[in-house]
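Chemist: Encoded as structure tokens, here's the structure I'll be asking about.
The values are calculated or read from the model by the stated rules, or taken from the named source; none is laboratory data. It should be emphasised that the depicted structure is a prediction, and the values quoted were computed from it without experimental measurement. Please note: Cβ atoms are built from the backbone with ideal geometry, for glycine as well, and neighbour counts cover all protein chains shown.
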Amino acid sequence: MSTTDVRLRDLEPKVPLLEHGHDYASLTDKIAEIVDTKPHPKIWFVLFAISSCGVLLLLYALGLLFTKGVGIWGVMIPVGWGWDIINFVWWIGIGHAGTLISAILLLFHQDWRTSINRFAEAMTLFAVVCAGMYPLIHMGRPWVAYFIMPYPNSMALWPQFRSPLVWDVFAISTYASVSLLFWYTGLVPDLAAMRDRAKNKLAKYAFAIFSLGWRGSARHWSRYETSYLLLAGLSTPLVVSVHSVVSFDFAVGIIPGWHTTIFPPYFVAGAVYAGFAMVLILAIPIRHLYNLKDMITMKHIDNMAKVMLVTGLVVFYGYLMEAFFAWYSGSLWERAMMAHRTFGYYGWSYWALILCNGLCPQLLWFSAIRRNTYALFAISIVVSIGMWLERYVIVVTSLARDYLPSSWGNYHGSLWDQATFLGTMGLFLFLFLLFVRFVPMISSFELKMLLDKQKHHGKAH
Amino acid sequence: MHSDHDTPEKPFGLMAEFDSPESIVDAAQKTYDAGYRKIEAYSPFPVHGLDEAVGFPSNRVSLMVLICGLTGASTGFLLQAVSMAYHYPYMIGGRPEMSWPMFIPITFECGILFAAFSAVFGMFAMNGLPMPYHPVFNVKEFTERVGRDGFFLTVESSDDRYDADETRKFLEGLGAKNVCVVEP
């Protein structure tokens, strides 16, 4: 063996990505059993009941919103964007980690993405469902939401294509469609495997329809792999563009605290940061409940924690730069905004944000904490709260104090803002639980490729 | 349709099962080298080199995605340019109507959207999917193992070199676990 090979082996992770003792059949069985034979843990039913209540709450809140209008929320001029847009940005940001795991890590040949990509993509999809709802319901007249699309109409009008809000429509709808396609394409071979082993007739029919008659032929795999790689290549700039466009919604406005060029990169980093926190919040209980510790190993958990640390540092740098440039610009309005943001009426939210997003993730420098799933779970929840606060600080404190003291005003979310937000969390959990129940949540064909690779690696020495 | 007096209908072909990725690549290569052309290999995951071994060195997915992506981007750009600069120009402070930098985000999103749709739907169409019925599903071992750990090689009866006995012997000589007839 050449010296490079030996060096490569030395660089191999000490904790394997896939525990030893698995073969192709055992991998397939273990993943498929969760869907087709094994009884589900009791906690699944409990969570399902809770999440169903969340969905009902959402339906009620939306029903009330549609009958009474956006007046039931706390929004009032000057703060015309409140929890609705905060939650929109929060959810869409969470989605981005799924795309990062499935696309960017695929392009970089990061094998550790394999056992977490399927449910991270599902997480993306459901987060986008929750996010996409907000721009629609925050309109005063949601029944004419189609006005934002360019379509031939009797008024001969077009949307203003120079507006970031219209870019948002295109970015979010493209992102939702591409995420769905990417997820579904990855699922087809596994659905075919489920079809072939299904005993239940109804399940067999359903899997047969959704697997499109996939039979694993070499020619099909060839086109499939090219297509999958291209989708990854397309999703990578897409995910960056989506959150950049979301940040343009603010950065193009002239409100102090919004009008900064740092927004796109720092929003994208924040999205990945929040997303990885959510992946950890989902992965840690799942690997425990479904006994998947041999597939989602400590190596995965550790890597995700490291990504969270890095993106967290980028986000923290963003906060520092925001403050620095508010001062360095010499602009009276920017300085006043920063003073208000840090020590004004909403000061508590800024310092809570620094605590959650700036200080708390510094704990991730210690490998003992990265490898302690309880600590990591807690940190992930703190980070999620921190990322919500970040959007709260950006949206609310900037709008509450703009140029004219006559147009200043304070804002608080109403009970229905909170109910809607809780409801979307219920919907997210509801969809995720259904996914875990009916769809193989780990990509078995990709794990088999990984196993094949590991075998070859073992043989080479 | 041609028919023998023994069998009422000509079989689809022969199927041989192998138990590892290496052995199927090797077998497919040897079958191709022996002059068989209507051959296909099946595996539970993409096996590198298997597509070349069955005589399918490259595919046209990338080209199709490129064309569709460019079509999408031009559609997106034209949609904006035509509507904003020609069909219904807004006069706001004397700003240019053909403000192309402002059209880039939507141009980009449309390009990605079209490319991704073609990458998925085009790929499935090229593969001839959805296809609810295919003769290989008649083989019980195939449906049991192709999604788990089975590697299969088929030689179609329409191949010029196909001969029920000769081909079977040839496949068995490659080290197949078992060889069976695929009903049409």
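Chemist: Going residue by residue through segment A:86-94, is there one that turns out to be outside any helix (DSSP H, G or I) and farther than 20 Å from residue A:288 by Cβ?
Modeler: Within segment A:86-94, none of the residues are outside any helix (DSSP H, G or I) and farther than 20 Å from residue A:288 by Cβ.
Chemist: Before we move on, is residue A:163 crowded, with 20+ Cβ neighbours inside 10 Å and either in contact with a strand residue (DSSP E or B) (Cβ under 6 Å, 6 or more places away or on another chain) or of a type in the set (Ser, Thr, Tyr) (or both)?
Modeler: So residue A:163 does not fit the description; no.
Chemist: Ok, one more. Given the conditions (1) within 14 Å of another protein chain (Cβ to nearest Cβ); (2) buried (at least 19 other Cβ atoms within 10 Å of the Cβ); (3) not β-branched (Val, Ile, Thr), which single one is not true for residue A:237?
Modeler: With (1) within 14 Å of another protein chain (Cβ to nearest Cβ); (2) buried (at least 19 other Cβ atoms within 10 Å of the Cβ); (3) not β-branched (Val, Ile, Thr) applied to residue A:237, the lone miss is (2).
Chemist: Okay, moving on. Residue A:265 versus (1) under 20 Å from the mean Cα position of the chain (by Cα); (2) crowded, with 19+ Cβ neighbours inside 10 Å; (3) not aliphatic (A, V, I, L, M): which is the lone unmet condition?
Modeler: Unmet for residue A:265, out of (1) under 20 Å from the mean Cα position of the chain (by Cα); (2) crowded, with 19+ Cβ neighbours inside 10 Å; (3) not aliphatic (A, V, I, L, M): (2).
Chemist: Moving on to the next point. Tell me which residues, restricted to segment A:128-176, are of a type in the set (Phe, Trp, Tyr) and more than 17 Å from the chain's Cα centre (by Cα).
Modeler: Once the filter is applied, which keeps residues that are of a type in the set (Phe, Trp, Tyr) and more than 17 Å from the chain's Cα centre (by Cα), segment A:128-176 yields A:143, A:146, A:147, A:151, A:158, A:161, A:167, A:170.
Chemist: Looking at the structure I just gave you, is residue B:166 of a type in the set (Asp, Glu), at the interface with another protein chain (Cβ under 8 Å from one of its Cβ atoms) and free of Cβ contacts under 8 Å to residues at least 40 places away in the same chain?
Modeler: It is false that residue B:166 is of a type in the set (Asp, Glu), at the interface with another protein chain (Cβ under 8 Å from one of its Cβ atoms) and free of Cβ contacts under 8 Å to residues at least 40 places away in the same chain.
Chemist: Considering each of B:70, B:79 in turn, give the residue that is more than 30 Å from residue B:25 (Cβ to Cβ) and at pLDDT 95 or above.
Modeler: B:70
Chemist: Would you kindly identify the helices (runs of 4 or more DSSP H) lying entirely within segment B:1-86 that contain at least 2 residues that are more than 9 Å from chain A (Cβ to nearest Cβ)?
Modeler: B:21-33, B:61-81
Chemist: A further question on this structure: Would you confirm whether or not segment A:439-454 contains a residue that is away from chain B (no Cβ under 14 Å), part of a helix (DSSP H, G or I), within 30 Å of residue A:44 (Cα to Cα) and of a type in the set (A, V, I, L, M)?
Modeler: The answer is no; no qualifying residue exists.
Chemist: Select from segment A:177-205 the residues that are small (Gly, Ala, Ser) and facing chain B (nearest Cβ under 10 Å) and list them in ascending order.
Modeler: Across segment A:177-205, the qualifying residues are A:177, A:179, A:192, A:193.
Chemist: What single numbered condition from (1) within 10 Å of another protein chain (Cβ to nearest Cβ); (2) closer than 29 Å to residue A:284 by Cα; (3) modelled with pLDDT of 90 or more fails to hold for residue A:174?
Modeler: All conditions are met except number (2).
Chemist: Kindly list the number of the only condition in (1) in contact with a Ser or Thr (Cβ under 7 Å, 6 or more places away or on another chain); (2) buried (at least 22 other Cβ atoms within 10 Å of the Cβ) that fails for residue A:391.
Modeler: That leaves (1) as the condition not met.
Chemist: For segment A:355-382, how many residues are under 18 Å from the mean Cα position of the chain (by Cα), of a type outside the set (Gly, Ala, Ser) and more than 13 Å from residue A:310 (Cα to Cα)?
Modeler: Number of matching residues: 5.
Chemist: Another question about this same structure. Considering only segment A:192-219, how many residues are aliphatic (A, V, I, L, M) and touching a residue at least 60 places away in the same chain (Cβ under 8 Å)?
Modeler: 4
Chemist: Collect the residues in segment B:29-63 that are among the acidic types (Asp, Glu) and surrounded by fewer than 21 Cβ atoms within 10 Å (Cβ to Cβ), keeping them in residue-number order.
Modeler: Listed by number, the residues that qualify are B:33, B:52.
Chemist: With respect to residue B:159, is the statement that it is among the acidic types (Asp, Glu), more than 9 Å from chain A (Cβ to nearest Cβ) and in contact with a strand residue (DSSP E or B) (Cβ under 9 Å, 6 or more places away or on another chain) true?
Modeler: yes
Chemist: Collect the residues in segment B:91-120 that are at the interface with chain A (Cβ under 7 Å from one of its Cβ atoms), within 16 Å of residue B:74 (Cβ to Cβ) and either assigned to a loop (DSSP other than H, G, I, E, B) or of a type in the set (Val, Ile, Thr) (or both), keeping them in residue-number order.
Modeler: B:106, B:112
Chemist: Just the residues that are assigned to a loop (DSSP other than H, G, I, E, B), more than 7 Å from every other protein chain (Cβ to nearest Cβ) and in contact (Cβ under 8 Å) with a residue 40 or more places away in the chain, please, taken from segment B:122-149.
Modeler: Hit for segment B:122-149 is B:139, nothing else.
Chemist: Among the listed residues B:113, B:153, which satisfies the condition of being of a type outside the set (Asp, Glu), surrounded by 22 or more Cβ atoms within 10 Å (Cβ to Cβ), within 30 Å of residue A:181 (Cβ to Cβ) and in contact with a helix residue (DSSP H, G or I) (Cβ under 6 Å, 6 or more places away or on another chain)?
Modeler: Step by step, each of B:113, B:153 is checked, and only B:113 is of a type outside the set (Asp, Glu), surrounded by 22 or more Cβ atoms within 10 Å (Cβ to Cβ), within 30 Å of residue A:181 (Cβ to Cβ) and in contact with a helix residue (DSSP H, G or I) (Cβ under 6 Å, 6 or more places away or on another chain).
Chemist: A further question on this structure: Taking residue A:417, is it surrounded by 15 or more Cβ atoms within 10 Å (Cβ to Cβ) and without any contact (Cβ under 8 Å) to a residue 40 or more places away in the chain?
Modeler: Considered against the rule, which asks whether it is surrounded by 15 or more Cβ atoms within 10 Å (Cβ to Cβ) and without any contact (Cβ under 8 Å) to a residue 40 or more places away in the chain, residue A:417 comes out as no.
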